[in-house]
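Structure, as C-alpha cells:
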Amino acid sequence: MADAVDAILAQWGRERPDVDVSPMGVIGRISRAELLLARRLKAFFAERGLESWEFDVLATLRRHGAPYELTAGALLRAAMVTSGAITNRIDRMEAKGLVERVRDTGDRRSVRVRLTPLGLETVDDLVGLHAAHEDRLLAALDPAARERLAGALRTLLESLGDTSLE
C-alpha cells in the first residue's frame, strides 16, 4: 500500500536521485495528516455550531480548573496566534455568550477571560464526544502503534523546543 507522499518521494527519486529526500517522507506525512485531521475536526465542530478554535479556547479555559479563566496573554500563548487574532476570537466568543471578560481583582489593569455557564456547559458536553471522535480518527492504529507514534512525535516536539505551554 502507498500514500500520496510515496508518490512525491518517487517523483523526487526519479528527478533527483542524488538527493536524500527521506526527511520529506516524515515532514510531508505530518503536514498532510494535520491538514486531513483539521478538516475532519472542523466538520465535527461545525456540526455542533462551533469553530475548532472556539473549542480550543473553551478547552484551554476548562482544563485550567475553576474559576476557568486566564489572561488574554495566557490564551494567546496557548493558541499560538497573533494578539489581534486572540482579541477577535474573544470578541466573537463573548458575543455568543461562551466567555466573558472580567477585571483581574489583583491587577485592575489586567483583564481575564472566563468561561460563562454556557461556555462551561458547552465544553463539558463536547469533550467526551470530541475524544470519541479522535479515537475514531485513529482507528487505523492499534494501541501499541498509537503509543509508538505519540512517543516519536513527543521526541520530535521536545527537540524543536515545544516543552511547555508558556
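Which value in Å does the Kirkwood hydrodynamic radius of the range 1-68 take, with 1/r averaged over all unlike C-alpha pairs and then inverted?
It is 14.9 Å.
Normalised radius of gyration (Cα atoms, divided by 2.2 N^0.38 Å) for the chain: 1.30. Using the Cβ-Cβ distance between LEU138 and GLU100 with R0 set to 30 Å, the FRET efficiency from 1/(1 + (r/R0)^6) comes to roughly 0.30. With every protein chain in place and a 1.4 angstrom probe, the accessible-area ranking of ILE90, ILE30, largest first, reads ILE30, ILE90.
Placing +1 on the Cβ of every Lys and Arg and -1 on the Cβ of every Asp and Glu, with nothing else charged, gives the chain a dipole about its Cα centre of roughly 380 debye.
Compute the length gained on full extension between SER164 and ARG92: take 0.36 nm times their separation in residues and subtract their Cα-Cα distance, giving the result in nm to one decimal. Don't skip to the answer; put the middle values down first.
Values: separation 72, 0.36 × 72 = 25.92 nm, distance 2.73 nm.
Gain in length upon complete extension: 23.2 nm.
Modelled spin labels at VAL26 and VAL111, positioned 7 Å past Cα toward Cβ, are 4.3 nm from each other. Each Lys and Arg adds +1 at its Cβ and each Asp and Glu adds -1 at its Cβ; summed about the Cα centre, the range 21-87 shows a dipole of about 260 debye. In order along the range 132-142, the phi-based Karplus estimate (6.51 cos²θ - 1.76 cosθ + 1.60, θ = phi - 60°) of 3J(HN,Hα) comes to 5, 5, 5, 4, 5, 5, 9, 4, 5, 10, 6 Hz; Gly and Pro are listed as x. Spacing of the modelled spin labels on ASP124 and ARG16, each 7 Å from Cα toward Cβ, amounts to 5.4 nm. By how many degrees, between 0 and 90 and to the nearest 10, does the Cα long axis of helix 52-63 differ from the longest principal axis of the chain? That works out to roughly 60 degrees. Note on the range 1-146: dipole from Cβ charges, positive end direction compared against SER22, THR116, ALA140; the farthest Cα belongs to THR116.
Largest first, what is the accessible-area ranking of LEU129, LEU141, LEU165 with a 1.4 Å probe?
On the way: LEU129 85, LEU141 60, LEU165 115 Å².
I get LEU165, LEU129, LEU141, largest accessible area first.
For the range 30-36, putting each phi into the Karplus relation 6.51 cos²θ - 1.76 cosθ + 1.60 with θ = phi - 60° gives couplings of 4, 5, 5, 4, 4, 5, 5 Hz, in residue order, rounded to whole numbers and with x for Gly and Pro. Taking trypsin sites (Lys or Arg not before Pro) as exposed when DSSP calls them loop and at most 15 other C-beta atoms lie within 10 angstrom, the chain has its longest site-free stretch at 110-166. Close amide H partners of VAL111, meaning residues 5 or more places away or on another chain with modelled amide H under 5 Å apart, are ALA72, ASP104.
The values are calculated or read from the model by the stated rules, or taken from the named source; none is laboratory data. Keep in mind it's a predicted model, so treat the numbers as computed, not measured. Don't worry about glycine lacking a Cβ; one is built from the backbone with ideal geometry, like all the others, and counts go over all protein chains shown. With ligands, DNA and RNA removed, areas are computed over all heavy atoms of the protein, side chains included. Shrake-Rupley method; radii C 1.70, N 1.55, O 1.52, S 1.80 Å.
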